[in-house]
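The values are calculated or read from the model by the stated rules, or taken from the named source; none is laboratory data. It should be emphasised that the depicted structure is a prediction, and the values quoted were computed from it without experimental measurement. Positions of Cβ are generated from backbone atoms using ideal geometry, with glycine treated the same way; all protein chains shown enter the neighbour counts. SASA here: full protein model, heavy atoms, side chains in, ligands and nucleic acids out. Shrake-Rupley method; radii C 1.70, N 1.55, O 1.52, S 1.80 Å.
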Amino acid sequence: MRRSRLIQFAGVCLALAMTAAVPAKAEPLAKELFGAKTLPAVAAPAAYGFYSKGCFAGGIAIAPDGPRWQAMRLSRNRRWGHPDLIRLIERLSREAAQDGWPGLLVGDISQPRGGPMLSGHASHQIGLDADIWFTPMPNKRMSVAERERVSAVSMLKGDTLYVDDRKWTRAHEAVLRRAASYPEVERILVHPGIKKKLCDTVQGDRSWLHKIRPFWGHHYHFHVRIGCPKGSTGCKPQAATPRSEGCDDSLAWWFTEEPWRPAEGPQKPKARDVMTMAALPNACRAVLEAPAPPSEAVVTLAGPEGLPAQVTQSAPALAGAANPASLLLSLQPADIPLPSPRPYR
């Protein structure tokens, strides 16, 4: 009897040991959850969290083709943003044409509901960031395959930190000046060499230069960032840029060895590769769970006329959202317009 009990006890211990050896199911990464969403959260527009740690509801897409723009890398499905940003891009595409810029090649904006991306950017999470290529739009409509294959052109001379004068034009300066002129735009990130080029050559009004901020990369495109939109009480703003032109010692630092010195020791994993939902605002869970619109067409801006009226209607509150003003939309199938054929088809 005693031997039987010992055998039973040993069996229980073995079972417990085997259970302890099996790791608990890991919490899914936020990038996988947000990357799986192909359409936005049907809700009143609102940004939650910070540019590099958050999400957004009520997003809209910029159409693959517009009168003065073409969206690139369509397979990434990163044409989405807060309506304030998408409308600003459309406006920039029209008004920059007055300055000699033939049209925008629009790079990454955000995923349909924001959040950390499966690859690439650390920011672009709350629908308020957009990349615009320094390559002007060509005079033809590129195919889907071309938009995947064509590369933006670096503005730098070889492997240097300085702009290649054979590539830089007054139109490049003009499109940056135009983008910086909008009150919603808080900063525009460019390579330090491009910032220096502007500091050395801009004449007349230079007040807009304080919005042009030097940063690593960004010699193929410029990064437009707008401030937290009205009504987005859950949005965390970024510190304001200095009011000075930024053509001083702060810029000179970028032309020393220090900013480009390789990091030493083991590298930490990128935040997006370890970030779970626990790191994001609570409202982002509700954003993930919110319903999607019936089609991409009803939430896509194709021109200056804007979106169908029903996209901006209000409805019941988004459960769990930090901002009580976030509302679900009521979209009736009978009210949904049929999409027009895309030019590249």
Relative to a virtual label point 7 Å from the Cα of residue 250 in the Cα→beta-carbon direction, which members of segment 183-220 show backbone nitrogen distances below 11 Å?
210-214
Ordering of 161-174, 136-149, 288-301, 110-123 by burial proxy (mean other Cβ atoms within 10 Å per residue, highest first):
110-123, 288-301, 161-174, 136-149
If you average the C-alpha positions of segment 246-285 and of segment 37-98 separately, how far apart do those two centres end up, in angstrom?
24 Å
Just to confirm, what accessible area per residue do you get for segment 205-285 at 1.4 Å probe, in whole Å²?
61 Å²
Calculate the dipole size of segment 111-156 relative to its Cα centre from +1 charges on Lys and Arg beta carbons and -1 charges on Asp and Glu beta carbons; express the result in debye to the nearest 20.
180 debye
Starting from the alpha-carbon convex hull of segment 88-128, give the projected area averaged over all orientations, in nm².
3.4 nm²
Leaving ligands, DNA and RNA out of it, work out the accessible area of residue 236 with a 1.4 Å probe and give it in Å² to the nearest 10.
120 Å²
Highest mean first, what order results for 176-183, 277-284 on Cβ atoms within 10 Å?
277-284, 176-183
Please turn the phi angles of segment 45-61 into ³J(HN,Hα) values with the Karplus equation 6.51 cos²θ - 1.76 cosθ + 1.60 (θ = phi - 60°), one per residue in order, whole Hz, x for glycine and proline.
x, 7, 9, 10, x, 10, 4, 10, 7, x, 7, 8, 10, x, x, 10, 10
Quick one: if the Förster radius is 30 Å, what FRET efficiency do residue 99 and residue 264 give, using the C-beta to C-beta distance and rounding to 0.05?
0.10
What ranking, highest mean first, results for peptides 72-84, 257-269 when packing means the other Cβ atoms within 10 Å averaged over each residue?
72-84, 257-269
Nearby lysines by direct alpha-carbon distance to residue 268 (threshold 24 angstrom, same-chain neighbours under 8 apart not counted):
25, 31, 53
